[in-house]
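The values are calculated or read from the model by the stated rules, or taken from the named source; none is laboratory data. On a predicted model such as this, the values are computed, not experimentally measured, just so you know. All Cβ positions, even for glycine, are placed from backbone atoms using ideal geometry, and neighbour counts span all protein chains on display. Surface areas here come from the heavy atoms of the whole protein model, side chains and all, with no ligands, DNA or RNA. Shrake-Rupley method; radii C 1.70, N 1.55, O 1.52, S 1.80 Å.
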Amino acid sequence: MNARSGLRLGARALRASTPRAPVARPFSTTIPQYDQGKHTHFGYETIPEAEKQGRVAGVFTNVAESYDKMNDLMSLGVHRLWKDYFVSTLNPGATTPLGQPQKILDVAGGTGDIAFRMLHNAHVLNGNPNIELTISDINPAMLEVGRQRSLALPAEQQSCISFLEANAETLPSSIQDNSLDLYTVAFGIRNFTNMRAALKEAHRVLKPGGIFACLEFSKVDRFPLFNAVYKQWSFSAIPLIGQLVAGDRDSYQYLVESIERFPTQVEFRDMIVEAGFDVAGEGYENLTGGIAAIHRGIKPLR
Amino acid sequence: MATALPTRTATRCFRTTRPRTCNQHIHSRRAFHSYDHPPPPGPFGATETLILSAAYKHVPEHGFTHRALSLGACDAGLLDISPSALPDGAFSLIRYHLYTQRLALAAKSSHIFQGEDAPVGVGAKVTALTWERLMANREVIHQWQEALAVMAQPSHAPASLKELAMLSDEIWYLAGDTAVDPSWYTKRATLSMIYSSSELFMTNDHSPDYVETNKFLKRRLGEVQSVGGALGAIGQWVGFTASAGINVLRSKGARI
Ligand SMILES: C[S@@+](CC[C@H](N)C(=O)[O-])C[C@H]1O[C@@H](n2cnc3c(N)ncnc32)[C@H](O)[C@@H]1O
């Protein structure tokens, strides 16, 4: 993946000031060393540190909004429902007896979309605040978005969250072997350079009986007509709309192509099994005819 | 295809064409009977089976529910979160019951068909096997109406009906029915209907040893013979099963 070449801005606000500044490119992975200090976002303006932080946060929010827009386009508007469903089937916080601790890692979870839903599910629906949730992302800019957004959560939910800048392919040793109940990754794994390495890491950090759960765009190949229409839509319309809406054709082009390159449901299921997981039933579940799919693996005993 | 398997089957044996490297356990469901080779492993994965078999012990008390699943997971040394790997949640537990009890019939049949008063003839054997299968619901019968409501949900109905069809097939097969003629379908359809209506009857039967259910079953099977073949009975059974079933479901809050 050479996302680095031709990095574009995901946000119009940025583009207006310095069109070539390498900020987070929505949906791409390889912005490993994002260094806030080097940023030239605000051009030659000299602004107080505090104000800059605010502006930077604003920019990140725009990036995140751009993510949302892309998700909307790719999912025909239903990614929020998928995320709700994804979290509700995992039902974090449901324990017998009630209130037992659970440790969760949300990988590539910068924006907090999945993490906040899981907290809600645990705290509000299951009345279980005994949750330790780590949101990790390779991109500190995305983590910053999550951090900003998390400020809107109730205090007792905020106190369960920690943020971790990490590459999913080599999680830090601070995340110990056999330490997690649940590992989630939503719309992230497609971007990893080495998915197998990430799956191995997921297997390492999960407890026996722990769950690997992945929500990702997938293949609608089963329905040839739908597939044809959807491909037409995604390959021609989406980059164009991306151009018009976000002024960023390349990012949208990348998005569409990365989805196309992603393995089929069955192939990905087999990769999960190769990494040492057991699956139940088919091992995956299609959403909206396969535009997205949920894969779940369970780390066996032994 | 699993071409290596010699088949002299009375009916087609469907197998899938997936690579055999992994997940064999998942994909080799047989739809219908093959008379020659042993049944392939079941439709459940190893850890899935571990969870389901442990959870099954909690069904009499907690029903076919998430609670049973999570208690089972913990008994098996797994985690509260573990059952979330099961694609159909509580319905997986129902399928597990249907599947294991269907398979258990084969072992039971060798007992039933031995001894002094062993049934003679295909008809008597079908009756005995159907009764045996009904009795396998004993432990969970008080939870079964709830289970039927879950099975009737649109997302689960196809799998439930398929299981029912496979049960009929199993019973005819074990009873030694090898006829391959147009009556094949009607026999299976009729038995499916008789079985499911008897099962429904049983959920409301409080007589000792379910004698009323037993009479009910025998009347239904008798009628099929006296009306002169399976076909005549079908209309009747559709009517009965549908209305009885709908009443039960309504009583469970289904909006139909
Ligand atoms: C499309 S976003 C997903 C955001 C969120 N989970 C959601 O569902 O909306 C993809 C994220 O994956 C992150 N990412 C890409 N490669 C990664 C890697 N190797 N390790 C960890 N995170 C990565 C990106 O930084 C980005 O935040």
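Worth pointing out:
- Summed over the range A:284-299, residues that are open to solvent by 10 Å² or more (accessible area, probe 1.4 Å), facing chain B (nearest Cβ under 8 Å) and within 18 Å of A:LYS200 (Cα to Cα) total 1.
- Selected residue (criterion: nearest to the chain's Cα centre (by Cα)) from residues of the range B:70-88 that are over 16 Å from A:GLN100 (Cα atoms) and part of a loop (DSSP other than H, G, I, E, B): B:ASP88
- Checked against (1) touching a helix residue (DSSP H, G or I) at 6+ places or on another chain (Cβ under 7 Å); (2) assigned to a helix (DSSP H, G or I); (3) within 14 Å of another protein chain (Cβ to nearest Cβ), B:ARG67 passes all but condition (1).
- Filtered residues of the range A:236-252 (kept if more than 16 Å from A:PHE187 (Cα to Cα) and surrounded by 14 or more Cβ atoms within 10 Å (Cβ to Cβ)): A:ILE238, A:PRO239, A:ILE241, A:GLY242, A:GLN243, A:VAL245, A:ALA246, A:GLY247, A:ASP248, A:ARG249, A:ASP250
- Of the residues A:PHE192, A:PHE163, the single one that is of a type in the set (Phe, Trp, Tyr) and at pLDDT 95 or above is A:PHE163.
- Whichever residue in the range A:256-274 is of a type in the set (A, V, I, L, M) and open to solvent by less than 10 Å² (accessible area, probe 1.4 Å) and, among such residues, is nearest to A:THR89 (Cα to Cα): A:ILE272
- Top-ranked residue in the range A:91-108 [being within 14 Å of the ligand (Cβ to nearest atom) and modelled with pLDDT of 95 or more; ranked as farthest from A:LEU180 (Cα to Cα)]: A:VAL107
- Annotation: A:LEU171 fulfils all but one of (1) touching a Leu at 6+ places or on another chain (Cβ under 7 Å); (2) among the aliphatic types (A, V, I, L, M); (3) within 16 Å of the ligand (Cβ to nearest atom); the unmet one is (1).
- Filter pass, A:ALA202 being open to solvent by less than 10 Å² (accessible area, probe 1.4 Å), small (Gly, Ala, Ser), within 14 Å of chain B (Cβ to nearest Cβ) and touching a residue at least 24 places away in the same chain (Cβ under 8 Å): yes
- Unmet criterion (only one of (1) in a helix (DSSP H, G or I); (2) touching a Phe, Trp or Tyr at 6+ places or on another chain (Cβ under 8 Å)) for A:TYR230: (2)
- For the range A:250-262, the condition of being in a strand (DSSP E or B), within 18 Å of the chain's Cα centre (by Cα) and under 30 Å from A:ALA122 (Cβ atoms) holds for none of the residues.
- Checking each residue in the range A:118-140 for being more than 11 Å from the ligand (Cβ to nearest atom), among the small types (Gly, Ala, Ser) and crowded, with 21+ Cβ neighbours inside 10 Å picks out only A:ALA122.
- Among (1) over 16 Å from B:ALA159 (Cβ atoms); (2) touching a helix residue (DSSP H, G or I) at 6+ places or on another chain (Cβ under 6 Å); (3) surrounded by fewer than 22 Cβ atoms within 10 Å (Cβ to Cβ), the one test that B:SER82 misses: (3)
- Helices (runs of 4 or more DSSP H) fully within the range A:87-190 counting 1 or more residues that are away from chain B (no Cβ under 14 Å) and under 25 Å from A:PRO208 (Cβ atoms): A:113-120
- For the range A:124-142, a tally of residues being touching a Cys at 6+ places or on another chain (Cβ under 8 Å) and not hydrophobic (A, V, I, L, M, F, W, C) returns 2.
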